[in-house]
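Q: Please find one structure pasted underneath; my questions will follow.
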Amino acid sequence: GENVEQHPSTLSVQEGDSAVIKCTYSDSASNYFPWYKQELGKGPQLIIDIRSNVGEKKDQRIAVTLNKTAKHFSLHITETQPEDSAVYFCAASPSGSARQLTFGSGTQLTVLP
Amino acid sequence: SAVISQKPSRDICQRGTSLTIQCQVDSQVTMMFWYRQQPGQSLTLIATANQGSEATYESGFVIDKFPISRPNLTFSTLTVSNMSPEDSSIYLCSVSPTGTYEQYFGPGTRLTVT
């Protein structure tokens with residue numbers, strides 16, 4: 001089955017700096033890679049995703065890049081703000097109709113004011 | 001997207017008892033999923049619950065312990081049976097709207113077993 005590794009487990013940045021979280025996956029058949037933000041006491045919120053036929057996707061201050069050959073994808077947050085502080089999870093989904101997600105272990109991002 | 005609600009939001013239960021968690025979505029969806037998130041950990045898929053078919057369980061999860069119902073396209077329940085303290089977790093339902101890859105999560109049910 002799929003295995004997703006996520007690094008780092010914790011990340012602290014100064015407000016205004018950029019943050020990068022990296023994930024690798026094992027199943028070359030995976031073709032959908034979402035990122036979730038989970039604030040304390042809440043369910044995960046989908047913030048951006050990318051399909052395997054796209055190398056990069058951007059939405060305002062967040063972007064995701066995908067390298068299919070190396071089987072890794074990354075989340076980039078620019079101009080970080082204190083409200084970006086949360087746990088971020090990457091995930092991968094195999095091709096087909098199951099839509100099952102395998103999650104990374106999570107990154108606790110802290111943006112210091 | 002989809003708006004998902006779960007009941008209860010939290011509960012404290014005694015070992016040996018069972019709890020049924022409800023998941024309601026504001027639109028009809030074929031695919032619903034149940035996840036477990038142990039304290040400070042990532043999410044683990046328990047089962048896939050598609051309307052009109054039996055739930056499909058992941059390795060390590062069995063129907064006797066986690067029976068699931070999916071009576072229609074907007075509702076599902078997960079029961080945690082014969083609970084032990086090891087079952088203390090957040091239980092999350094999610095949906096994938098028809099024709100999309102996106103998966104949206106409910107707010108979760110925080111279960112503590114004493």
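Q: Convex hull volume of the Cα atoms in the protein assembly as shown, per residue, in Å³?
A: 119
Q: Counting only other residues whose beta carbon sits under 11 Å from that of residue A:11, what net charge do I get with K and R as +1, D and E as -1?
A: -1
Q: Right, next: Which value, in debye to the nearest 20, describes the size of the charge dipole of segment A:43-104 about its Cα centre when Lys and Arg Cβ atoms bear +1, Asp and Glu Cβ atoms bear -1, and nothing else is charged?
A: Rounded to the nearest 20 debye, it is 360 debye.
Q: Please identify, among B:79, B:48, B:98, the residue showing maximal mean-square fluctuation in a Gaussian network model of chain B using a 10 angstrom Cα cutoff.
A: Checking each option, the largest mean-square fluctuation is seen for B:98.
Q: To continue, here is another question. What does the highest-first list of B:72-78, B:39-45, B:7-13 look like by mean Cβ count within 10 Å?
A: Values: B:72-78: 18.4, B:39-45: 15.6, B:7-13: 12.9.
Output ranking for B:72-78, B:39-45, B:7-13: B:72-78, B:39-45, B:7-13.
Q: Next question, about the same structure. Per the Cauchy relation, a quarter of the hull surface: what is the mean projected area of the convex hull of the alpha carbons in chain A, in nm²?
A: That works out to 6.8 nm².
Q: Using only alpha carbon pairs under 8 Å that are at least six residues apart, calculate the relative contact order of chain A and give it in whole percent.
A: Dividing the mean separation by the residue count of chain A yields 37 percent.
Q: Taking other Cβ within 10 Å of each residue's Cβ, how do A:54, B:95 sort, fewest first?
A: In order of increasing Cβ crowding within 10 Å: A:54, B:95.
Q: Taking each residue of B:94-107 in turn, how many C-beta atoms of other protein chains fall within 10 Å of its C-beta, and what is the average?
A: Working: counts 5, 1, 6, 0, 0, 0, 3, 9, 5, 11, 5, 7, 3, 4.
Average per residue, whole number: 4.
Q: Okay, next question. At 20 °C and a viscosity of 1.002 mPa s, what translational diffusion coefficient does Stokes-Einstein give for chain B, taking Rh as the Kirkwood radius over Cα pairs? Give it in µm²/s as a whole number.
A: 153
Q: For a label point 7 Å from the Cα of residue A:105 along Cα→C-beta, name the residues of segment A:54-79 whose backbone N is under 19 Å from it.
A: Once the point is set 7 Å along Cα→Cβ of residue A:105, A:72-75 turn out to lie under 19 Å by backbone N, inside segment A:54-79.
Q: Rounded to the nearest 0.05, what FRET efficiency do residue B:10 and residue B:100 give with R0 = 22 Å and r taken as the Cβ-Cβ distance? Could you check?
A: The pair residue B:10/residue B:100 has a calculated efficiency of 0.15.
Q: A further question on this structure: With charges only on Cβ, +1 for K and R and -1 for D and E, what is the dipole size of the protein assembly as shown about its Cα centre, in debye, rounded to 20?
A: Charge dipole of the protein assembly as shown: 260 debye, to the nearest 20.
Q: Net charge near residue A:104: determine it from the other residues with C-beta under 12 Å of the C-beta of residue A:104, scoring Lys and Arg +1 and Asp and Glu -1.
A: Residues near residue A:104 contribute -1 overall.
Q: Hand me the tally of lysine pairs in segment A:30-94: alpha carbons under 21 angstrom apart, and the pair either on different chains or 8 or more positions apart.
A: Close lysine pairs found across segment A:30-94: 6.
Q: I've got another one for you. Give, rounded to the nearest 20 debye, the magnitude of the charge dipole that segment B:3-93 has about its Cα centre when Lys and Arg contribute +1 at Cβ and Asp and Glu contribute -1 at Cβ.
A: With only Lys, Arg, Asp and Glu charged at Cβ, the dipole is about 140 debye.
Every read-out reported here was derived from the displayed coordinates using simple, explicitly stated rules and does not represent laboratory data. This structure is a prediction, so every number in the text was calculated from the model and none was measured. Ideal geometry is used to build each Cβ from the backbone, glycine not excepted, and the neighbour counts take in all protein chains shown.
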